[in-house]
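Undergrad: What follows is a single structure, and I will ask about it in a moment.
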Amino acid sequence: MSSYAAAEPVSRRLPIAILALAIAAFAIGSTEFTIIGLLPEVAGDLDVSIPTAGLLVSGYAIGVVIGAPLMTAAGTKVRRHRMLLGLMAIFTVGNVLSAIAPSYGLLLVSRVLSALPHGAFFGIGAVVASELVRPEQRHKAVASMFTGLALSNVVGVPLGTLMGQELGWRASFWAIAVLGLISVVAIARLIPPMSAGTSLRSEVAAFRRGRVWLALAVIVFGFGGLFTIVGYIKPLMTDEAGLSENAVLPVLAVLGLGMVVGTRLVDVVTRGRDLTRVIPVLLAAMVVVLLLFVAGAHWAPAAILLVFLLGTVAFTAATPMQALAMDVASEAPTLTSAAAQGAFNLGNALGPALGGVAINAGFGYAALGWVGALIGSLGVALAILFAHRSARDAPVVAADVVPTPAD
């Protein structure tokens, strides 16, 4: 139920409570990816190899996949604003433990701990954001929350990496823990009291439908192509495009800027349109961009432009994809939204894994464009199949009536 009364005049402004969700999203995005630029520092300090340190990235992704359904299920009877507070409290504690971890093993455990709330937060946050506004503003509200996630790639990750390189990697985790604490305060002050979600039984029952799993598969493969490039963006930019290592952080900021632009385009692209038709087009556009990397990765200006376009198209598609998953299971919005976050992270694991196979086979980093395009093409095919089944089994899904959109 929206927090606005029907008699109130329509306002295009979003409530300030969305800012609290965006701050938390910024903190979560920062802790997820800052570690990528600090692997040499962590490896040297804790006396492990860089590949071993790289498991800190995989560990976080695994924590998201595990935590998304479990944390959401555990909180079905908890009021949503209180659940958000608890999730960000766990996130903050996890980052404090990362900052003081005396060994690699404890650091890995703390990384998994800080990842557990990730999917549940964005799942519940998407529901909360949609309930704070009128139905016609739901896509805009959720996209605004995810702007915090996109901005973390523009500002949080580069600054966190620079801080870790200059002051020691632990300083980055302390800074993220402070952001987590700020988000806890913001949620407590700005998010109004809300009811709990639906029962766990009704949430789980929605997953008996094949179309729910098909929608999640669209996310996994649709986004897997993006992470094929992002997972190897440093060697791609240095070995193929010829940039210096110092230029990699600005390139990451360019990627984040594209993501921000993508979140801003969601409302324009989806307004009044059938999402089942919009998503295949957006995913096909992403496949085209990935294919252009095959030739464009060898020329720095083209490679940087393609990174920007990839971020833009990906984050324009992200909210509609999660919205579609939640619409097909409208009686289970929270668990479905959290499951969608797990699907995004499965794509995060799938893309780099298959890309690594191509690299180890000697095809070079430019071949990542082919791998990403193949993964993305499967996402397009699944999206078309979903559209066909939706036209046969259900009413048209229009962007202005989707109950809750997301990342």
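The values are calculated or read from the model by the stated rules, or taken from the named source; none is laboratory data. No experiment lies behind these values; they were computed from the predicted model shown. FYI the Cβ positions are ideal-geometry reconstructions off the backbone, even for glycines, and counts take in every protein chain you see. Side chains are part of the model used for accessible areas, which takes the heavy atoms of the whole protein and leaves out ligands, DNA and RNA. Shrake-Rupley method; radii C 1.70, N 1.55, O 1.52, S 1.80 Å.
Undergrad: Taking a probe of 1.4 Å, how large is the accessible area per residue of the range 93-242, in Å²? Please report the intermediate quantities before stating the final value.
TA: Working: 5450 Å² over 150 residues.
Ligands and nucleic acids excluded, the result is 36 Å² per residue.
Undergrad: Right, next: So how much slack lies between ALA361 and SER195, counting 0.36 nm per residue of separation and subtracting their Cα-Cα distance, in nm?
TA: On the way: separation 166, 0.36 × 166 = 59.76 nm, distance 5.32 nm.
Value of the extension gain: 54.4 nm.
Undergrad: Something else now. Highest mean first, how do 286-299, 81-94 rank when packing is the count of other Cβ atoms within 10 Å averaged over residues?
TA: By packing density, highest mean first, the sequence is 81-94, 286-299.
Undergrad: Once you put a point 7 Å from the Cα of LEU385 and another 7 Å from the Cα of ILE100, both along the Cβ direction, what distance in nm separates them?
TA: For the pair LEU385/ILE100, the computed spacing is 5.0 nm.
Undergrad: Further, regarding this structure: With Kirkwood's inverse mean 1/r over C-alpha pairs for Rh, give me the Rg to Rh ratio of the chain, two decimals please.
TA: Using Cα coordinates only, the ratio equals 0.95.
Undergrad: Spelling out what I want: for every residue of the range 140-146, take phi, set θ = phi - 60°, compute 6.51 cos²θ - 1.76 cosθ + 1.60 (Karplus), and round to whole Hz; glycine and proline get x.
TA: 5, 5, 5, 4, 5, 4, 6
Undergrad: Still on this structure, please answer the following. If you average 1/r over all unlike Cα pairs in the range 1-160 and invert the result, what Kirkwood radius do you get in angstrom?
TA: 16.7 Å
Undergrad: What ranking do 310-321, 271-282 get when scored by the average of other Cβ atoms within 10 Å per residue, highest first? Working shown, then result.
TA: On the way: 310-321: 27.2, 271-282: 18.9.
The densest-packed peptide leads the list: 310-321, 271-282.
Undergrad: Quick check: at a probe of 1.4 Å, how many percent of the accessible area of the chain sits on carbon and sulfur atoms?
TA: That fraction is 69 percent.
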